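To keep things clear, I will list the structure first and then write my remarks on it.
Just so it is clear, none of the values below were taken in a lab; they were calculated from the coordinates. Quantities reported herein were computed from a predicted structural model and do not represent experimental measurements. Neighbour counts are summed over all protein chains in view; Cβ atoms, including those assigned to glycine, are modelled from backbone coordinates with ideal geometry.
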Amino acid sequence: MPWNAEKPADQMDGNWLITEGDPESAVILHVPHASRAFPTRELNRLVVDREGLDAELDAITDADTERLAAEAAGLAELRPWIFENRYSRLLVDPERFPDDREEMLEAGMGPVYLKTTTGAEFRRADEADDERLMSEYYRPYASAFERLVEQRLERLGRVLLIDVHSFPRDPLPYELHSGEARPALCIGTDKFHTPQWLVDAISGLWPDTVELDQPFRGCYVPLSFLESESRIAAVMLELRRDVVARWAGPDSPGRRGEPGLPGFVAAVADLFSRYDPTG
């Protein structure tokens, strides 16, 4: 699918979309890497041509994860909120640290990607324009997400953030931990924000191979709350792309009315909705 097939990026109102959930839901599904949209006005700094951009989008887009989140929300006992990135991560990646804490800087793939997944030049170096991209896209996205989390905390006193991702069966050249396992499900955790009971429960729900923080680790928490707000729980669900493709395909169980992957994600959301922190 070409870079602008779904909807021209320039017609979008902003670089995020919030789909309201149940007022009593404390769960937010975060879908940061599903979009292929790239603003026409931002093409001039790219070194790759349209064909090269399409190739990068094919390699790095978490296809169908926005649909997965939407269907999961419809199956949950309390409909979760959904926060979705409406631009490709190739514009800016909202899940990268904005400073030297980001390990992907060594691969040229910090918040503003300078390298492709194969290590070739993607975007010409320009620190001033990097700052413009951060100001126009990265920081507003982060602020909007933070406001949604604050609103849920104010109403309910706790929040669960579920990152919804996918990853290829075979490692891409840019990956820093390519020698690790490639299970059907990778559960990404944070030592402060991911409770052990949640990890154990998710593992118990999943019927296939599962690993903890392999081949990807961590989960998204707004920086203003990171390792400081104990009322925020967070987890990343990294599904291998062939597993997602089987679900999304024409012969998938979902086409026959079976819950499949959306049922699993909904069950994870329901775990938190049912959980009584007082014991």
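Quick notes on this one:
- Kirkwood estimate for the range 89-139, i.e. one over the average of 1/r between Cα atoms, Å: 10.9 Å
- Other residues within the sphere of radius under 10 Å centred on the Cβ of Ser224, judged by their own Cβ, net out at -3 (K and R +1, D and E -1).
- Of the three principal axes defined by the Cα atoms of the range 120-259, the extents in descending order read 46, 46, 31 Å.
- Our summary gives the chain a relative contact order of 22 percent, counting only alpha carbon pairs under 8 angstrom and 6 or more residues apart.
- Computed FRET value (nearest 0.05) for Ser230 with Leu205, which takes r as the C-beta separation and R₀ as 30 Å: 0.75
- A cut-off under 11 angstrom between Cβ atoms defines the neighbours of Asp213, and their net charge, with Lys, Arg +1 and Asp, Glu -1, is -2.
- When the convex hull of its Cα atoms is projected in every direction, mean area for the range 52-177 (nm²): 9.3 nm²
- Taking every Cα-Cα distance in the range 175-228 and sorting them into 5 Å bins starting at zero, the pair-distance distribution P(r) comes out as 4, 19, 24, 23, 17, 10, 3, 0 percent.
- Computed magnitude of the charge dipole of the range 137-279 (debye, nearest 20; Cβ of K, R +1, Cβ of D, E -1): 360 debye
- Only Cα sites of the range 15-112 enter the Debye sum here, all with the same form factor; the resulting log10 I(q)/I(0) across q = 0.11, 0.20 1/Å is -0.40, -1.02, listed in q order.
- Residue-wise HN-Hα couplings along the range 107-112, as the Karplus relation 6.51 cos²θ - 1.76 cosθ + 1.60 with θ = phi - 60° gives them from phi, are 9, x, 9, x, x, 10 Hz; Gly and Pro carry x.
- In the list (i) 29, 21, 19; (ii) 32, 23, 16; (iii) 39, 20, 16, the label attached to semi-axes √(5λ) of the Cα gyration tensor in Å as derived from the coordinates here is (i).
- Estimated purely from DSSP H runs of n ≥ 4, each contributing -39500 (n - 2.57), the mean residue ellipticity at 222 nm for the chain is -9000 deg cm²/dmol once divided by its residues.
- Net charge dipole size for the range 60-130 [Lys, Arg +1 and Asp, Glu -1 on Cβ; Debye, nearest 20]: 260 debye
- Comparing Cα centroids, the range 183-240 and the range 63-114 end up 15 angstrom apart.
- Placing +1 on the Cβ of every Lys and Arg and -1 on the Cβ of every Asp and Glu, with no other charges, gives the chain a dipole of roughly 480 debye about its Cα centre.
- Summing charges over neighbours of His165, with a neighbour being any other residue whose Cβ is under 11 Å away from its Cβ, gives -1 when K and R count +1 and D and E count -1.
- Helices that extend 20 Å or more along their long axis by alpha-carbon positions and average at least -0.5 on the Kyte-Doolittle scale are, among the DSSP H runs of the chain, 260-274.
- Shown for the range 108-166 is the translational diffusion coefficient from the Stokes-Einstein equation, using the Kirkwood radius over Cα pairs, a temperature of 20 °C and a viscosity of 1.002 mPa s: 153 µm²/s.
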